[in-house]
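Worksheet: the structure to be examined is printed underneath.
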Amino acid sequence: MDLEFDYIICGGGASGLSIASGLSLDQYFTNKKILIIDPEFPKKKNDRTWCFWENDKSYWDDLTHYKWEKVIFNSPQINKTISLNPLRYKMLKSMSYYKKNNDLILKNPNIQYLNDKVVKVDDKGNFCEVKTENNIYQSKKVFNSILNWELLKNNSKYPLLIQHFEGWFIKTEKDVFNEKEATFMDFSIEQNSNTRFMYVLPFSKREALIEYTLFSKDLLEKKGYEKPIINYLKEAGITNYSITNKESGEIPMTGFPFHKQNSKNIIYIGSAGGWSKPSTGYTFKNIERKSKLLLKFLKTKDDFKNFSKTTRFWFYDLIFLDVLYQNNHLGRKLFSQMFKNNQSKLIFKFLDEKSNFFDELKIMSSFSTGIFIKTILKRIFNL
C-alpha cells in the first residue's frame, strides 16, 4: 500500500462514492492517485434508502426501485393528494447505488482502498495528513465525509435537531396498499410535544416501507420507534404481515455553517459538509449537485475555503429550525400550513432551492408571522 496520494476520500458512503466516480469518469483526473478509506469498503449490503423528486426520466432510472406520480400529505388540518407531474418521487436502494459506483471505481487502477478507521485529518499547508488506527497517509487534498456529531452538539449558536427514524419493509397477506401513491408525511399520529410523522412507500399492493420519523432534540429507546409503527399498521387494519427488512438512521438538522470547517486542502462532504438540507434532511440530490460543482472547482481553483457560499436558503432553514427547536410541538402545524396554503409545485420548487424571492414571500405568508418575526430579530442580533 502506498502512503502518498493526490486525493484521499474519507468514507465510502454516498458522497465519497460520488466524488470517486466523478474523478474516475473525468479524463482531467486520469493520472491522479486516489485512496478511499472506509472500514467496510466496498459496502455489500442494503443499509439505507434514498428518496428524491426529479423529472420522470433521468440518469438514475436504471437504479430506481420504485417511483410515484402522486404523494399524500395528511394531518388533522388537511388531507391532500398531490400530483407531482412532470416530477416523480423516486426511491433508490443503497446497494444498487453502491454496486454501480463500486464497479466503476474498482476498475480504475489509480484508485486504492483501505479498510481502516480514520482518527484524525490535518492540513499541514502544503499537504494533508490522514491518520488511521494503523498508519499515516499523505495527500494533496482530502474529501472528508466523516460527521463530527460532538462538534454539532457542543455549539450553542446553532441549535441541533435530529431527524431520526426507523423503517420496516413489510409484506402483507392481502392487498392493502395503493402502490400509485406515496405518503409523504402523515401527521395523524400522536405528537407527544415533538414533530412526528409516518412515511409510507408502497411498492405493490402487498409490499411497503413504513417509516416512523421524528424531528427532535433527543433519540428514543428502541421500543419508542417500534410501538408507533405497530399501532399505525393496526389502525389501518394491517395485522397479518412479515417484516422483510429494517432501516434506521440519524440526520443532523442544523444551520451550523459546515463550510467554515474547510481548509485550503480539506473539504467536508455529504452530511459532514452540510450537504443534507437542514430543514428536511434530504441529501441525495444535493450530493449529486455538489459533487459536480466540486469537481469543476478542482480544475480551476485550489483553495477549498472558497468552494461554498452561504445563500438565502440557508437563512430560511436556519430560522425555521430555530422556531422548531424552541417550539418542537409546532412542526405539524407549520407543515400543514405550508401544504394547505400553497400549490405543491411551488413547495417542491422552494425545497429544491429553485424558487425566486416572490415565490418565497408566498411560502412565508403561509405561516403565522409573529413567532417567525421574533425569531428573525433574535437571530439577526446573534449572528
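The values are calculated or read from the model by the stated rules, or taken from the named source; none is laboratory data. No experiment lies behind these values; they were computed from the predicted model shown. No Cβ is skipped: glycine too gets one built from the backbone with ideal geometry, and neighbour counts run over all protein chains shown.
For the stretch 176-220, a residue qualifies if it is at positive phi and touching a Ser or Thr at 6+ places or on another chain (Cβ under 7 Å), but none of them does. Can you find even one residue in the stretch 318-337 that is surrounded by fewer than 19 Cβ atoms within 10 Å (Cβ to Cβ), touching a helix residue (DSSP H, G or I) at 6+ places or on another chain (Cβ under 9 Å), small (G, A, S) and under 22 Å from Q77 (Cβ atoms)? Within the stretch 318-337, not a single residue is surrounded by fewer than 19 Cβ atoms within 10 Å (Cβ to Cβ), touching a helix residue (DSSP H, G or I) at 6+ places or on another chain (Cβ under 9 Å), small (G, A, S) and under 22 Å from Q77 (Cβ atoms). Applying a threshold of 7 Å to beta carbon distances and a minimum spacing of six or more residues, or different chains, the list of pairs starting in the stretch 202-216 at a residue that is free of Cβ contacts under 8 Å to residues at least 40 places away in the same chain and farther than 16 Å from Y89 by Cα and ending at one that is charged (D, E, K, R) and assigned to a strand (DSSP E or B) reads R206/K171; E207/K171.
Here N31, N115 are screened, and the one residue that is modelled with pLDDT of 95 or more, in the same structural domain as T132 (by TED's automatic domain parsing), over 30 Å from K340 (Cα atoms) and of a type in the set (S, T, N, Q) is N115. When W53 is tested against (1) without any contact (Cβ under 8 Å) to a residue 40 or more places away in the chain; (2) closer than 30 Å to L330 by Cβ; (3) in contact with a Leu (Cβ under 6 Å, 6 or more places away or on another chain), exactly one condition is not met: (1). Answer with yes or no whether E288 is in the same structural domain as E173 (by TED's automatic domain parsing) and either among the small types (G, A, S) or in contact (Cβ under 8 Å) with a residue 60 or more places away in the chain (or both). Answer is no for this residue. Residues that are under 22 Å from S276 (Cβ atoms), touching a residue at least 40 places away in the same chain (Cβ under 8 Å) and part of a loop (DSSP other than H, G, I, E, B) within the stretch 56-70 are absent altogether.
Only one of I78, I9 is touching a strand residue (DSSP E or B) at 6+ places or on another chain (Cβ under 8 Å) and β-branched (V, I, T). Can you tell me which? It is I9.
Looking only at residues in the stretch 8-34 that are among the hydrophobic types (A, V, I, L, M, F, W, C) and part of a helix (DSSP H, G or I), the one that is surrounded by the most Cβ atoms within 10 Å (Cβ to Cβ) is L17. Quick one: in the stretch 192-231, which of the residues that are buried (at least 18 other Cβ atoms within 10 Å of the Cβ) and polar (S, T, N, Q) is nearest to S83 (Cα to Cα)? The qualifying residue nearest to S83 (Cα to Cα) is T213. I82: surrounded by 15 or more Cβ atoms within 10 Å (Cβ to Cβ), modelled with pLDDT of 95 or more and closer than 24 Å to E288 by Cα, yes or no? Answer is no for this residue.
Take the conditions (1) outside any loop (DSSP other than H, G, I, E, B); (2) more than 21 Å from Y199 (Cβ to Cβ); (3) touching a Gly at 6+ places or on another chain (Cβ under 8 Å); (4) of a type outside the set (G, A, S); L293 misses just one of them, which is (3).
Checking the structure you have, find out if any residue of the stretch 351-373 is at pLDDT below 95, surrounded by 18 or more Cβ atoms within 10 Å (Cβ to Cβ), of a type outside the set (A, V, I, L, M) and in a helix (DSSP H, G or I). For the stretch 351-373, residues at pLDDT below 95, surrounded by 18 or more Cβ atoms within 10 Å (Cβ to Cβ), of a type outside the set (A, V, I, L, M) and in a helix (DSSP H, G or I): absent.
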